[in-house]
Amino acid sequence: RFEQQADTFWRLSSYGERWNRQNAAIQAIGTAQSIGQVNAFLAAVERHAPEDAEADSLSDAYASLYSAASRHERALEHRQRLVEENPYDQQQVGNLSGTLRSLKRADDMAALLDGPSMQATMQIAAAFFDEHRVEEGTRILEALTAWADGPSVYSSIGTMLAGLHHYDKAIAYLEQGVRANNAGATAGALLATAYASAGRDDEAYELWFNHR
């Protein structure tokens, strides 16, 4: 049914001006995303109007669709074009870095996000951990704490590492965050969760009891 609906969008829009075609595409994209028929929509695009998938005004939308369909190489083409057009658009730079991470291209991601930004540095480190390049990711985080110190930094790094299931490394950072924050409730709860995930139940219970 959705494929018939998408076909109708393209047939109707083909009689209008370029603006109408783009408007129809935007409507169809929204429908595809809302009902989980991204692949069917992309098939309709490639069958009826492949040139529309290359339209500059729709690059962001199609990049998101290709990413949702796990067609990250196609998404990369659009993301790179958007950043080339406006290299200072931090949202698009962030989107491009996410696509590079999906493709396990941590080195390219590091080159793109080069600069003293805590968020960017953590993203780069996470990409290296994704690729099982743990030593490189660890060095990046160590360098980060050399210039971005404080309990929130340690807690952020620890939370990220816990999310990547590197619990021992996460605990080391979270413990520093707890000490620097004088065992605040939020930091203590994060550390307790990491202890539990690492199988250190006694330490987890003690922290949960102290911070409940």
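Of note:
- Table column - 3J(HN,Hα) (Hz), region 79-87, Karplus curve with 6.51, -1.76, 1.60, x for Gly and Pro: 5, 5, 4, 5, 6, 4, 5, 8, x
- Local charge for residue 82 was computed over the other residues whose Cβ lies under 12 Å away, with Lys and Arg +1 and Asp and Glu -1, and equals -4.
- Ranked by how many other beta carbons lie within 10 Å on average, peptides 72-82, 144-154 from highest: 72-82, 144-154
- In Hz, Karplus ³J(HN,Hα) per residue of region 134-140 (6.51, -1.76, 1.60; θ = phi - 60°; x = Gly, Pro): 5, 4, 5, x, 5, 4, 5
- Ranking of 88, 167, 62, 205 by solvent-accessible surface, largest first: 88, 205, 167, 62 (1.4 Å probe, protein heavy atoms only, all chains present).
- Between residue 107 and residue 168, the simple spin-label model (points 7 angstrom out along Cα→Cβ) gives 2.8 nm.
- What a 1.4 Å probe finds exposed on region 25-125 is 48% carbon and sulfur by accessible area, rounded to a whole percent.
- When nucleic acids and ligands are ignored and a 1.4 Å probe is applied, residue 118 ends up with an accessible area of around 60 Å².
- A straight chain from residue 142 to residue 70 at 0.36 nm per residue would run longer than the Cα-Cα distance by 22.7 nm.
- Pairwise FRET efficiency - residue 202 versus residue 117, Cβ, R0 = 45 Å, nearest 0.05: 0.70
- Length gained when the stretch residue 47-residue 89 is fully extended (0.36 nm per residue, less Cα-Cα span): 11.9 nm
- Residue 57 versus residue 130: modelled label distance in nm, points set 7 Å from Cα along the beta carbon direction: 3.2
- In terms of its C-alpha gyration tensor, region 32-110 comes out prolate, because a/c is 1.5 or above and the ratio a/b outweighs b/c.
The values are calculated or read from the model by the stated rules, or taken from the named source; none is laboratory data. Just so you know, these numbers come straight off a predicted model, no measurement behind them. Virtual Cβ from ideal backbone geometry, glycine too; neighbours counted across all protein chains shown. These area figures cover heavy atoms from the full protein model, side chains too; ligands, DNA and RNA do not enter into them. Shrake-Rupley method; radii C 1.70, N 1.55, O 1.52, S 1.80 Å.
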